[in-house]
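Beneath this line is the structure, given in structure tokens, with notes to follow.
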There are 2 protein chains.
Amino acid sequence: MKNKKIKASNSQNEAKKTTKEKIFDASVDLFSKKGFSDVSVREIAKEAGIREGSIYNHYKNKEAILDAIINYFKSEFNKSSLPEEEGANLMDQGPEVFFVGGAKMFMDRINIPQMEKIWRLVCIETYRNEKIREFFNKEILEEPIAGLENIFKIMIEKKMIKPVDPRTLAYEYWSFAIFLFFEYFILKYHEDFDSYMNQGLEKMIEHTRFMLDAVKI
Amino acid sequence: MKNKKIKASNSQNEAKKTTKEKIFDASVDLFSKKGFSDVSVREIAKEAGIREGSIYNHYKNKEAILDAIINYFKSEFNKSSLPEEEGANLMDQGPEVFFVGGAKMFMDRINIPQMEKIWRLVCIETYRNEKIREFFNKEILEEPIAGLENIFKIMIEKKMIKPVDPRTLAYEYWSFAIFLFFEYFILKYHEDFDSYMNQGLEKMIEHTRFMLDAVKI
DNA sequence: GTCTATACTTCGATAGAC
DNA sequence: GTCTATCGAAGTATAGAC
């Protein structure tokens, strides 16, 4: 579970990259730093080490590069979503193990270098890009909350926690995670990356403790 | 306390506006919709009903307009911060009255038409603009949390709530408010404004109830 | 202080030689 | 598929008449 992070610096070696990959990676880098609108095709070409015109042999236009990044993000995001049975197993070990374990797994997903940049990109472009916004609302806001609501419902049925409204609990739990996204990727993005990511996990665990304390039987 | 909102549609009547105000208001409008980088000086001039060149008689450049908006926002934000004694009075009526009353007052501050647009602008430009980011971190994140920490400390001393770590409580309470900012101004901004603002207040009140339930004696 | 006109720059995208 | 060269559009900003 730990060596998932190594995998030869995320994708291919720098040397083996195709031109299309170079354009893709350069765009991820620049878009995540400055935002889509403040990056020019010239910059992307320079960063990728090719001429401007060559970009259009691989992508129809600038927008198409962003689309490709979004699609990559979506597929990676869905690829690594928590399998149903694994969750059920964790839950039997008690609520704390379930949530702390879940938070760690989730952080591991974000912590892949290339994906971390795209997470930042997603956060800063959500206001402007409708595709990203729809994805965010559906897959990062509504679906997790619906899933959590279900989990809390089960926990209540199993008398693992107090019978508080499961929807409220889900919202209380997950809104904190969204807050951490924005705190990390927007408010604190430039302040020493590594330590901040670890702080995020600790904060999420502390939040989990507070919530479970509030509803424990 | 309620008629603060009327005040002749926020600022001057449309007819009486100076050119500088027209430029300012047009910029607020456009920046809050599309973001600073995606708005041109030409657009601002058109929206303000003047010629492009005339803008430079009032502002040094495009960036200076944004600076003026930020400064206006800061001064309005500080102008309306909660007076110390009023808070103490509210607190004596119990935690629920204090927080529900506080949430309402806070929402009233945002709900002024011109300020609502600037709040949106602040939320979407935070990642890009260092002045906004510093302001957000200091005045919307750290200071409120420090203030809340103090309030929870007093409540614990007065034995109004359980002796949970006040810093944790402050973070638990305020992170939800920040989440609501982002949910409202980024994720749901175009989905029927008025009802969403009201929902926000209800959500904040529900959150307050959950938290107070968790720490009540 | 506003207008017309325009300078100057940068941008996204394309054409055509290799 | 990459390069050179360049186009047309759009951007910021300035000059000068009124």
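Once the whole set of protein chains is in place, how much accessible area is left on residue A:109, using a 1.4 Å probe, in Å² to the nearest 10?
So the heavy atoms of residue A:109 present about 40 Å² to solvent.
Shape verdict for the protein assembly as shown, please, from the Cα gyration tensor: rounded (a/c under 1.5), prolate (a/b greater than b/c) or oblate.
oblate
With the solvent-accessible surface defined on protein heavy atoms using a 1.4 Å probe, which residues belonging to the stretch B:151-171 display a reduction of at least 50 Å² in accessible area in the multichain context relative to the isolated chain?
Hits at the 50 Å² cut-off: B:171.
List the distances, in nm to one decimal, from the label point of residue B:17 to the label points of the same position in every other copy, shortest first, placing each label point 7 Å from Cα along the Cα-to-Cβ direction.
For residue B:17, the inter-copy label distances come out at 4.6 nm.
Mind scanning A:104/A:153; A:79/A:138; A:216/B:138; A:34/A:104 and naming the pairs with a C-alpha gap bigger than 27 Å?
In this structure, A:216/B:138; A:34/A:104 lie more than 27 Å apart at Cα.
Can you return the aspartates and glutamates within cross-link range of residue B:74? Criterion is Cα-Cα under 15 Å, with same-chain partners fewer than 8 residues away left out.
Qualifying aspartates and glutamates at Cα under 15 Å: B:116, B:125, B:130, B:134, B:139, B:143.
Over the alpha carbons of the stretch B:80-215, what is the largest minus smallest coordinate on each principal axis, giving the biggest first in Å?
Reported extents, whole Å, longest axis first: 43, 32, 26.
Mind pulling the angle between the C-alpha long axis of helix B:62-79 and the longest principal axis of chain B? Nearest 10 degrees, somewhere in 0 to 90.
Here the helix axis deviates by roughly 30 degrees.
Hey, can you find the accessible area per residue of the protein assembly as shown for me, probe 1.4 Å, expressed in square angstrom?
On a per-residue basis, 51 Å².
For the protein assembly as shown, what is the charge dipole size about the Cα centre, in debye to the nearest 20, if Lys and Arg each add +1 at the Cβ and Asp and Glu each add -1 at the Cβ?
920
State to the nearest 20 debye the size of the charge dipole of the stretch A:69-217 about its Cα centre, where the only charges are +1 on K and R beta carbons and -1 on D and E beta carbons.
200
Rank B:174, B:119 by accessible area, highest first, at a 1.4 Å probe radius?
Sorted descending by solvent-accessible area, the residues read B:174, B:119.
Taking each label point as 7 Å beyond Cα in the direction of the beta carbon, state the distances from residue A:49 to the same residue in the other copies, shortest first, in nm.
5.7
Relative to the longest principal axis of the C-alpha atoms of chain B, give the angle of the C-alpha long axis of helix B:193-215, reported between 0 and 90° and rounded to the nearest 10°.
20
With a 1.4 Å probe and every protein chain left in place, tell me how much accessible area residue B:56 has, in Å² to the nearest 10.
110
Using a label position 7 Å from Cα in the Cα→Cβ direction, what is the ascending list of nm distances from residue B:159 to the same site in the other copies?
3.3
Which one, B:181, A:156, B:212, projects farthest toward the positive side of the charge dipole computed for the protein assembly as shown from Cβ point charges (K/R +1, D/E -1)?
Highest projection toward the positive end goes to B:181.
Determine the total buried accessible area between chain B and chain A, counting protein heavy atoms only with a 1.4 Å probe; round to the nearest 100 Å².
3200
Using a Gaussian network model of chain B with C-alpha springs under 10 Å, which one of B:122, B:97, B:28 is most mobile by mean-square fluctuation?
For chain B, modelled as a Gaussian network with Cα springs under 10 Å, the answer is B:97.
Rounded to the nearest percent, how much of the accessible area of chain A (1.4 Å probe, protein heavy atoms only) is carbon and sulfur?
Answer for chain A is 52 percent, counting heavy atoms of protein chains only.
Which shape class applies to the stretch B:152-204: rounded if a/c is under 1.5, otherwise prolate when a/b exceeds b/c and oblate if not, where a ≥ b ≥ c are the square roots of the Cα gyration tensor eigenvalues?
Judged from the Cα gyration tensor, the stretch B:152-204 comes out prolate (a/c at least 1.5, a/b above b/c).
Could you work out [θ]222 nm for chain B from helices alone, using -39500 (n - 2.57) per DSSP H run of at least four and dividing by all its residues? Round to the nearest 500 deg cm²/dmol.
So the calculated ellipticity at 222 nm is -21000 deg cm²/dmol.
Nearest 10 degrees is fine. How inclined is helix B:166-182 to the longest principal axis of chain B, computing both from alpha carbons?
Between helix and principal axis, roughly 30 degrees.
Among A:70, A:127, A:41, whose Cα projects farthest towards the positive end of the dipole of chain A, with charges put on the beta-carbon of Lys, Arg (+1) and Asp, Glu (-1)?
The residue sitting farthest along the positive end of the dipole is A:41.
The values are calculated or read from the model by the stated rules, or taken from the named source; none is laboratory data. Here the structure is a predicted model, which means the values were calculated and not measured. FYI the Cβ positions are ideal-geometry reconstructions off the backbone, even for glycines, and counts take in every protein chain you see. Please note that ligands, DNA and RNA were not included when accessible areas were found on the heavy atoms of the full protein model with its side chains. Shrake-Rupley method; radii C 1.70, N 1.55, O 1.52, S 1.80 Å.
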